[in-house]
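Enquirer: This is the structure I have questions about; it appears just below.
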Amino acid sequence: MNTTVDRLVGAEEGTRRLRVAGGVALVAALCLGAAPLVGVVSPEVPPAYPSWPVLVLCGALCPALAVFHLRGRRPAAARAVLLATGAVAVGGLFDGVQLLLDPALAPTPELFLPRSLRPLDPGLGTWAYLLGWVGFLVAGALAAPSGPVSGTNSESGAPVAGQRLFTGVLCASALAAVGSLLARFTSEDPFVFTEVGPGAAPAVFTGEVLLALSVPLVAGSVVSSADPHTARAGLLGLAGALTARSVPVLAAALVHPELAVGWGTLAQLLAVFAFLAMALLAGRTGTSPTGSGELSLPAPRRLTRLTGVVASSAGVLALLAALLPQLRTPDGSAGLGEYTDPRVLLVAGCVFALLGLSVLSARGTVLRPAVTVAWAVIPLGGAASLDIVLHVAGATPADLMPLGVWLTVAALPLSGAAAVCAGMAGGAERDEVDLSELRPNRPLLAVVLPLAGLATAAFVLPVLRAPDYVPLGVFGEFGIASWGLLAALLVVLAGLVPVPFSRRPRAAALLVGSALVLGVRLAQAPLTAPGIPGAVPGPGLWCAAAGLVLAVLGAVVAGRPRR
């Protein structure tokens, strides 16, 4: 009886939190609309068009949808909408941060459109705009479940329609991720800053990358819900949140004669329509063969094959990016030259492509968990390549050749999508395996702790030292390559956490993934040393070597059958 009362009280508290979250999101939409009315910059510069009604209407789509589901007594569906809204809001949040740092570099024609090189300072509207996106994040945090969420998946795998739905949602989220990395609008006006990707302002680029990573994660989470209403609401929430990001910029590009619609906006709009179509499909096919009303993930074997395909594709893209010319010198020769050797990206692409092909083999299920860690080799090599290419393009007369650069950028979210597929395959697999007898592995715990320390030192400390050479790193001198180091470090540390608590083959695969990332970090020293006069090994090199050896030994120990 007490348990029943506790559940009822907890459900009522959860509904109350969702109501508060919906109210916060509605206020956030009003804040977005108020931003251009009160003036985003000082001295005041008008937007490309009167945008406040569009900002309010688009921003209110998700809060209104959440309120609709709350009135229909579907709190799980309302929660999915608000979580999707909060995940997408990270892109707008960093646009607001850039408005505070340097408004002239913020790609926000719906808020203001520069007409000269006159210095601009953030105005009251900047704070309203920033408060709006913070409000959406707060709403998503309030909607997050405070305890475990009930609901199980089908034991026999999804029906054919469910597998098609999952594949369609994955493709739509990949399209949205790529769109977040492309230009939302273009302009021939020299006063309007339209750079995207690594060439954009650091805050804007950070928001683009986080948005590209968050959309596939949220999409995969909501489509795997056991409740068809929740799956449909989550997909509609993603469509509404992406609409709030793309439509105001689309209107500015269509209305203002000096602006044109960019590929990023078109890709996100296509993703919006795809999510809407998938939401309709989720409502019609959200039942399992047993009639339990469940929407389950595809069978683990199918997800494993999908992981291999996506991983090998990302590796091939990185290989092509490393082999294609990315700079054109003034004398007409195309190539990276002596300062921009792409061999680190080449090695990273080879490693990840071979891992993806191995996952597609007959025994690929054993290596599948390695993808959840090894995908970090693509950001590690790609960020280093982009840092050098963009630095040389800015410091010399060499011109960028877009194909190689954009292949590098495209490989980043694709490698993350491979990790998402691998993680979902593991989740579906755990539903079919009895884990009640699983106990922490103390010998592996003795491996993981020193390995975490060595991995941290390997990515924080430089692998090379030379006179008058200041390497980019996680601390100190920070650049685009530093983002790759930071991403690799966080992924390796996160991958080491479940190792002592995993089944032995899965623990071995996770350690193999960590070894691959440390191996690429180790390879950075001999691959980049020829371009650095007087280079000698640094402490990070020895830490990476020791970590690689320890990870391999740990994988061997974990892979041995228990006697």
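Rule-based calculations on the coordinates, nothing more; no lab input. Everything numeric in this text was worked out from a predicted model, so none of it was measured. Quick reminder, even Gly has a Cβ in these numbers, built from the backbone with ideal geometry, and neighbours come from all protein chains shown.
Enquirer: Please find the FRET efficiency linking residue 536 to residue 117, where r is the Cβ-Cβ separation and R0 is fixed at 41 Å, and quote it to the nearest 0.05.
Expert: Details: r = 45 Å, r/R0 = 1.10.
For residue 536 and residue 117, the calculated efficiency is 0.35.
Enquirer: Still on this structure, I have one more. Using the Cβ atoms and a cut-off under 15 Å, what net charge is assigned to the surroundings of residue 361, where Lys and Arg are +1 and Asp and Glu are -1?
Expert: Working: positive: 301, 305, 363, 368; negative: none.
Charge balance in the 15 Å sphere: +4.
Enquirer: Could you give the length gained by full extension between residue 42 and residue 210, i.e. 0.36 nm per residue of separation minus their alpha carbon distance, to one decimal place? Show your work: numbers first, answer last.
Expert: Working: separation 168, 0.36 × 168 = 60.48 nm, distance 2.90 nm.
Difference between extended and current length: 57.6 nm.
Enquirer: If one computes the Cα centroid of region 205-262 and of region 511-563, what distance in Å separates the two points?
Expert: 38 Å
Enquirer: Okay, moving on. Please list, in chain and number order, the residues 5+ apart from residue 324 or on another chain whose amide H is under 5 Å from its amide H, with Hs placed from the backbone.
Expert: Excluding prolines and chain starts, which carry no amide H, there are no hits.
Enquirer: Quick one: 3J(HN,Hα) in Hz for region 500-517, Karplus 6.51/-1.76/1.60 with θ = phi - 60°, rounded, Gly and Pro as x.
Expert: These are the phi-based 3J(HN,Hα) values: x, 9, 9, 5, 4, x, 5, 5, 4, 5, 4, 5, 5, x, 4, 5, 5, 5 Hz.
Enquirer: Determine, from the Cβ-Cβ distance of residue 309 and residue 556 and an R0 of 30 Å, the FRET efficiency 1/(1 + (r/R0)^6), rounded to the nearest 0.05. Don't skip to the answer; put the middle values down first.
Expert: Numbers: r = 29 Å, r/R0 = 0.96.
So, using R0 = 30 Å, E works out to roughly 0.55.
Enquirer: What FRET efficiency comes out for residue 549 versus residue 403 if R0 is 30 angstrom and r is the Cβ-Cβ distance? Round to the nearest 0.05.
Expert: Numbers: r = 39 Å, r/R0 = 1.29.
E(calc), rounded to 0.05, equals 0.20.
Enquirer: Multiply the residue gap between residue 255 and residue 320 by 0.36 nm, knock off their C-alpha separation, and tell me the result in nm, one decimal place.
Expert: Details: separation 65, 0.36 × 65 = 23.40 nm, distance 3.83 nm.
Here the answer is 19.6 nm.
Enquirer: Taking H placed 1.01 Å from N in the peptide plane, check which residues at least 5 places from residue 41 or on another chain put their amide H under 5 Å from its amide H.
Expert: Amide H to amide H, under 5 Å and 5 or more residues apart or across chains, residue 41 pairs with 123.
Enquirer: Next question. Could you give the semi-axes, largest first, of the ellipsoid that matches region 493-563, computed as the square roots of 5 times the alpha carbon gyration tensor eigenvalues and rounded to whole Å?
Expert: Values: eigenvalues 186, 21, 15 Å².
For region 493-563, the ellipsoid semi-axes come out as 31, 10, 9 Å.
Enquirer: Taking H placed 1.01 Å from N in the peptide plane, check which residues at least 5 places from residue 464 or on another chain put their amide H under 5 Å from its amide H.
Expert: Those qualifying (amide H under 5 Å, at least 5 residues apart or on another chain) are 538.
Enquirer: Could I ask something else about it? Once you list every other residue whose beta carbon is under 15 Å from the beta carbon of residue 375, what net charge do they have if Lys and Arg are +1 and Asp and Glu are -1? List each step's numbers first, then the result.
Expert: Values: positive: 368, 521; negative: none.
Summing Lys and Arg as +1 and Asp and Glu as -1 gives +2.
Enquirer: Mind jotting down a quarter of the surface of the convex hull over the alpha carbons of region 441-563, in square nanometres, one decimal?
Expert: Mean orientational projected area (region 441-563, Cα hull): 7.2 nm².
Enquirer: Given +1 on the Cβ of Lys and Arg, -1 on the Cβ of Asp and Glu, and no further charges, what dipole in debye does region 16-115 carry about its Cα centre, rounded to the nearest 20?
Expert: Values: 8 positive and 4 negative charges, 176 e Å.
Dipole about the Cα centre, nearest 20: 840 debye.
Enquirer: While we're here: If the chain between residue 470 and residue 20 were fully stretched, how many nm would it gain, using 0.36 nm times the residue separation less the Cα-Cα distance? If you can, show how the numbers build up before the last one.
Expert: Details: separation 450, 0.36 × 450 = 162.00 nm, distance 4.96 nm.
The residue 470-residue 20 span can extend by a further 157.0 nm.
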